[in-house]
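Report on the following structure.
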Amino acid sequence: MSTDILPSYLAGTWQTGTGEGREVADAVTGETVTRVSSDGLDLGAAVDHARTTGWNALAELTFPERAGALKAAALALQERRQELYDLSARAGCTRADAKVDVDGGFGTALVYASLGRKGLPDGTVVVEDDPVPLGKQGTFAGQHILTTPRGIAVQVNAFNFPVWGMLEKLAPALLAGVPTLVKPATPTAYVAEHAVRIMVESGALPEGSLQLVCGGVDGLFDLLGGQDHVGFTGSASTAARLRSDPAVTERSTHFNAEADSLNFSALGPDATPGQPEFDLFVQALVTEMSVKAGQKCTAIRRAFVPRGQLDAVTEAVEAALDALVVGAPGAEGVTMGALVGRSQRDDVRTAAGRLGQAGRLVFGDPDTVAVTGADADRGAFLSPLLFRADDTTRSEPHEVEAFGPVSTVMPYDDVPDLLSLVARGRGSLAGSVVSHDGGFVRDVVLGAAAHHGRVLVLDRDAAAESTGHGTPMPQLVHGGPGRAGGGQEEGGLRAVYAHLQRTAVQGSPAVLAAVTGGAPQP
């Protein structure tokens with residue numbers, strides 16, 4: 001790539017910000033990939049373009065027609081996915097990592113395209129329910145409809161999934177008829193930019209329905225109001241700052257946050273060494289620590305095991321981690337790539353230092369790692385770090401997230417003790433229970449559900465088809481309470497409905513029929 005300023009796509013043209021811009025380095029070599037700046041770009045014109053050109057173009061399409069456009073855009077990405085794999089390698093991603101993001105992105109869009117064709121009416125209004133009689137004579141009733149608000153959807157995305165994170169938000173907004181403005185995280189903005197370029201070049205999407213701003217968005221929230229939607233993915237602290245903006249607190253811009261969380265996995269007492277669930281637990285933990293170098297909002301940060309199995313689990317995880325090969329994506333034998341950048345590596349080291357106050361480091365060295373195919377000093381490489389915290393009363397493992405290949409193994413004594421430890425995470429995106437004991441599973445799932453957006457049960461029966469602890473599925477909700485942001489994304493058509501305005505209409509049955517136009521139920 002050129003080291004010139006990374007372009008943005010606004011008001012139907014590719015535009016470049018001014019100034020020196022912020023340097024974005026290759027995660028493997030340390031070389032400059034590009035620079036990012038939005039200085040001088042007219043965000044007001046972009047918002048106007050979305051509200052007029054984009055909104056009107058989408059309004060002319062029925063739900064199935066929007067689904068067709070979405071499918072075409074997803075297929076364009078699928079056709080050119082190798083280009084995105086290559087760029088992702090510069091962000092430290094192995095091929096397997098890149099597929100999670102790239103294939104996961106266009107795969108999610110294709111799922112939503114199918115939902116739009118099969119689950120939404122052939123029109124632009126969703127009739128949510130049958131008329132509800134509101135009088136004794138049957139001449140007065142009420143009914144709920146869902147219509148497209150006169151606003152835009154703004155995405156503020158995290159660095160770890162520049163393709164999937166964009167498409168899982170874009171797909172439901174597009175189906176709902178809401179034009180989107182994407183603000184990618186700077187460290188991987190060049191990957192998101194290329195994905196947008198592919199979709200724009202395909203001609204699949206209506207003009208104005210998708211725009212991209214690379215760099216800061218100062219003043220953007222001042223342009224938003226009650227018809228608009230903001231979808232945020234990132235840290236809990238940034239979510240809190242954005243949520244306190246007057247756009248949200250005074251003008252009621254819809255704000256949905258998906259934030260970092262201290263996700264758990266619990267091993268059941270029945271899953272002793274030699275049982276399939278014991279091995280599944282170890283494999284899942286190592287996978288979540290190593291895929292994307294642990295830079296996943298759903299990764300396992302807290303691994304709870306029966307106190308009597310603490311030694312056996314720790315030793316098994318250490319052995320599995322020792323088999324990982326850290327290095328340059330594409331180099332022979334490499335199974336774990338780099339973090340997105342050296343500043344991110346420094347942040348993880350700092351957080352790991354805090355975790356080390358509550359437990360001892362049993363695998364890895366935060367300062368030294370053997371690297372294959374690259375210079376460890378120039379790249380953002382880090383060894384997997386496994387902590388063991390026998391004293392679960394310490395707060396650090398339940399409060400500090402090291403956003404990298406880091407996890408802490410802790411003991412529990414019984415189900416009430418386990419649920420108490422789980423709750424100390426103050427709300428998470430995902431949890432998992434690894435056990436073949438139905439009673440234990442039921443108690444933990446129901447006890448942990450109030451604190452989690454998703455809970456996976458992994459056992460010998462489901463393992464062959466299980467999508468894994470850390471993988472959100474477009475058919476199911478993604479989000480979580482408390483620290484995890486309190487929002488919801490995906491969940492099939494729920495995400496589409498979240499972008500629509502629900503209105504109760506009251507009148508005679510004839511009036512209701514006239515308003516809905518006899519629109520079929522979804």
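The values are calculated or read from the model by the stated rules, or taken from the named source; none is laboratory data. Treat the numbers as computed from the prediction; the structure is a model and nothing was measured. Here the Cβ positions follow ideal geometry from the backbone for every residue, glycine too, while neighbour counts run over all protein chains shown. Accessible surface areas use protein heavy atoms only, side chains included; no ligands, DNA or RNA. Shrake-Rupley method; radii C 1.70, N 1.55, O 1.52, S 1.80 Å.
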Identify all residues within segment 26-78 that are in a helix (DSSP H, G or I), under 30 Å from Ala91 (Cα atoms) and open to solvent by 40 Å² or more (accessible area, probe 1.4 Å); write none if there are none. Lys71, Ala72, Leu75, Gln78
Quick one: how many residues across segment 479-504 are buried (at least 19 other Cβ atoms within 10 Å of the Cβ), in a strand (DSSP E or B) and in contact with a Leu (Cβ under 9 Å, 6 or more places away or on another chain)? 3
Which pairs turn up if I take residues in segment 190-210 that are in contact (Cβ under 8 Å) with a residue 60 or more places away in the chain and look for partners that are of a type in the set (Val, Ile, Thr) and open to solvent by 20 Å² or more (accessible area, probe 1.4 Å) with beta carbon separation below 8 Å, at least 6 apart in sequence or on another chain? Glu207/Thr53; Gly208/Thr52; Gly208/Thr53; Leu210/Val200
If we scan segment 290-298, do we find a residue that is over 25 Å from the mean Cα position of the chain (by Cα), farther than 25 Å from Pro416 by Cβ and not aromatic (Phe, Trp, Tyr)? no
Could you list all residues from segment 350-390 that are closer than 22 Å to Ala91 by Cα, touching a residue at least 40 places away in the same chain (Cβ under 8 Å), of a type outside the set (Asp, Glu) and open to solvent by 40 Å² or more (accessible area, probe 1.4 Å)? Ala370, Thr372, Gly373, Arg378
Across segment 255-295, what is the total count of residues that are assigned to a loop (DSSP other than H, G, I, E, B) and either at pLDDT 95 or above or under 16 Å from Val457 (Cβ atoms) (or both)? 10
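Being assigned to a loop (DSSP other than H, G, I, E, B), farther than 22 Å from Gly482 by Cα and touching a helix residue (DSSP H, G or I) at 6+ places or on another chain (Cβ under 9 Å) is the filter here, so list the residues in segment 454-470 that pass it.
Let us first name the residues in segment 454-470 that are assigned to a loop (DSSP other than H, G, I, E, B), namely 459-470.
Subset that is farther than 22 Å from Gly482 by Cα: 459-468.
Selection gives Asp459, Arg460, Ala463, Ser466, Gly468.
Is it the case that segment 225-247 has a residue that's aliphatic (A, V, I, L, M), within 30 Å of Phe440 (Cβ to Cβ) and in contact (Cβ under 8 Å) with a residue 12 or more places away in the chain? It would help to see each step written out before you state the result.
Pass one, segment 225-247, residues aliphatic (A, V, I, L, M): 230, 236, 239-240, 242, 247.
Applying the additional criterion that residues be within 30 Å of Phe440 (Cβ to Cβ) yields none.
No, that holds for no residue.
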Hey, can you tell me all the residues within segment 450-467 that are within 19 Å of Val422 (Cα to Cα) and crowded, with 16+ Cβ neighbours inside 10 Å? His451, His452, Gly453, Arg454, Val455, Leu456, Val457, Leu458
I'd like to verify a number: residues in segment 213-254 that are within 27 Å of Ile5 (Cβ to Cβ), among the basic types (Lys, Arg) and not in a helix (DSSP H, G or I), how many? 0
Taking segment 191-207, which residues are surrounded by 24 or more Cβ atoms within 10 Å (Cβ to Cβ) and more than 21 Å from the chain's Cα centre (by Cα)? Leu205
Members of segment 246-276 found to be open to solvent by 30 Å² or more (accessible area, probe 1.4 Å) and more than 30 Å from Asp218 (Cβ to Cβ), listed by number: Pro269, Asp270, Thr272, Pro273, Gly274, Gln275, Pro276
Can you name the residue in segment 321-346 that is closer than 21 Å to Thr94 by Cβ and among the charged types (D, E, K, R) and, of all such residues, is most open to solvent (accessible area, probe 1.4 Å)? Glu332
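Suppose we filter Val126, Val132 for residues that are over 12 Å from the mean Cα position of the chain (by Cα) and either among the hydroxyl-bearing types (Ser, Thr, Tyr) or buried (at least 23 other Cβ atoms within 10 Å of the Cβ) (or both); which single one remains?
Numbers: Val132 fails: either among the hydroxyl-bearing types (Ser, Thr, Tyr) or buried (at least 23 other Cβ atoms within 10 Å of the Cβ) (or both).
Just a single option satisfies the conditions, and that option is Val126.
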Which numbered condition in (1) of a type in the set (D, E, K, R); (2) in a strand (DSSP E or B); (3) surrounded by fewer than 24 Cβ atoms within 10 Å (Cβ to Cβ) is the only one that Arg302 fails? (3)
Restricting attention to segment 410-421, the residues that are surrounded by fewer than 23 Cβ atoms within 10 Å (Cβ to Cβ) and either on the phi > 0 side of the Ramachandran plot or not charged (D, E, K, R) (or both) number exactly 7
Looking at segment 277-290, is at least one residue closer than 23 Å to Ser428 by Cα, in contact with a helix residue (DSSP H, G or I) (Cβ under 6 Å, 6 or more places away or on another chain), open to solvent by less than 30 Å² (accessible area, probe 1.4 Å) and not hydrophobic (A, V, I, L, M, F, W, C)? no
Among Gly439, Gly431, which is the only one that is open to solvent by 10 Å² or more (accessible area, probe 1.4 Å), on the phi < 0 side of the Ramachandran plot and modelled with pLDDT of 95 or more? Gly439
For the condition in contact with a helix residue (DSSP H, G or I) (Cβ under 8 Å, 6 or more places away or on another chain) and either farther than 18 Å from Ala352 by Cα or at pLDDT below 95 (or both), what is the one hit in Ala331, Ala323, Ala316? Ala316
